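Below: one structure in structure tokens.
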Amino acid sequence: MSITTIGLDIGSGAVKSVLFRTHDDGRQEWLAKRCERIRSRDIMTLAQEGFEGVMKDAGLSRDDIDYIATTGEGENVKFATGHFYSMTTFLTPARARWWTLARSMAAPSTSTSAARCCRTR
């Protein structure tokens with residue numbers, strides 16, 4: 001059995017969305033990623049668009065997603081399963097893997113990391 005996860009990092013400069021699958025053998029498969037600079041746009045709208053966009057890019061539906069996690073300013077995202085604060089202790093290996101993978105691609109939104117994320121799109 002695999003776990004399909006979407007991670008949304010809402011920072012001060014960009015909203016980053018990642019979609020990946022973690023397999024039982026520990027192998028991670030990146031399925032899609034997006035990055036949108038905020039530029040005075042509504043961050044909740046960008047979070048929704050990123051969520052829908054990565055599913056569309058990977059050809060998946062909401063029923064295919066096992067977990068939706070947010071970081072940064074994402075605690076107000078209503079459709080998320082959970083939110084991770086910067087000093088979260090992880091209770092399951094799958095959530096720890098999500099944190100490691102998502103933060104490596106979508107680091108906290110300093111202008112440098114947001115620009116790096118947007119360039120790798």
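Any idea which of (1) at pLDDT below 80; (2) out of contact with any strand residue (DSSP E or B) (no Cβ under 8 Å at 6 or more places or on another chain); (3) part of a helix (DSSP H, G or I) is the one THR88 doesn't satisfy?
Condition not satisfied by THR88: (3).
Looking at segment 13-25 only, could you name the residues that are outside any strand (DSSP E or B) and in contact (Cβ under 8 Å) with a residue 12 or more places away in the chain?
GLY13, HIS23, ASP24
Given the condition of a type outside the set (D, E, K, R), at pLDDT 90 or above and in contact with a strand residue (DSSP E or B) (Cβ under 8 Å, 6 or more places away or on another chain), answer yes or no: does some residue in segment 61-78 qualify?
Checking segment 61-78: at least one residue is of a type outside the set (D, E, K, R), at pLDDT 90 or above and in contact with a strand residue (DSSP E or B) (Cβ under 8 Å, 6 or more places away or on another chain).
Now a separate question. Could you please let me know if THR45 is more than 17 Å from TYR67 (Cβ to Cβ) and among the polar types (S, T, N, Q)?
yes
Can you find, within segment 1-28, the residue that is modelled with the highest pLDDT among those that are open to solvent by 10 Å² or more (accessible area, probe 1.4 Å) and among the basic types (Lys, Arg)?
Ranking the candidates gives ARG21 first.
Looking at (1) modelled with pLDDT of 55 or more; (2) in a helix (DSSP H, G or I); (3) touching a Gly at 6+ places or on another chain (Cβ under 6 Å), which one does ALA114 not meet, given that it meets all the others?
(1)
Now for a separate question. Anything in segment 36-83 that is part of a strand (DSSP E or B) and either touching a Leu at 6+ places or on another chain (Cβ under 7 Å) or open to solvent by 50 Å² or more (accessible area, probe 1.4 Å) (or both)? List them, or say none.
GLU36, ARG37, THR70 - these are the residues of segment 36-83 that are part of a strand (DSSP E or B) and either touching a Leu at 6+ places or on another chain (Cβ under 7 Å) or open to solvent by 50 Å² or more (accessible area, probe 1.4 Å) (or both).
Any idea how many residues of segment 39-81 are more than 16 Å from ARG21 (Cα to Cα) and in contact (Cβ under 8 Å) with a residue 40 or more places away in the chain?
Final tally of qualifying residues: 8.
The values are calculated or read from the model by the stated rules, or taken from the named source; none is laboratory data. Here the structure is a predicted model, which means the values were calculated and not measured. Glycine gets a Cβ as well: all are built from the backbone with ideal geometry, and neighbour counts include every protein chain shown. Ligands, DNA and RNA are stripped out before the accessible areas are found, and what is left, the full protein with its side chains, is counted by its heavy atoms. Shrake-Rupley method; radii C 1.70, N 1.55, O 1.52, S 1.80 Å.
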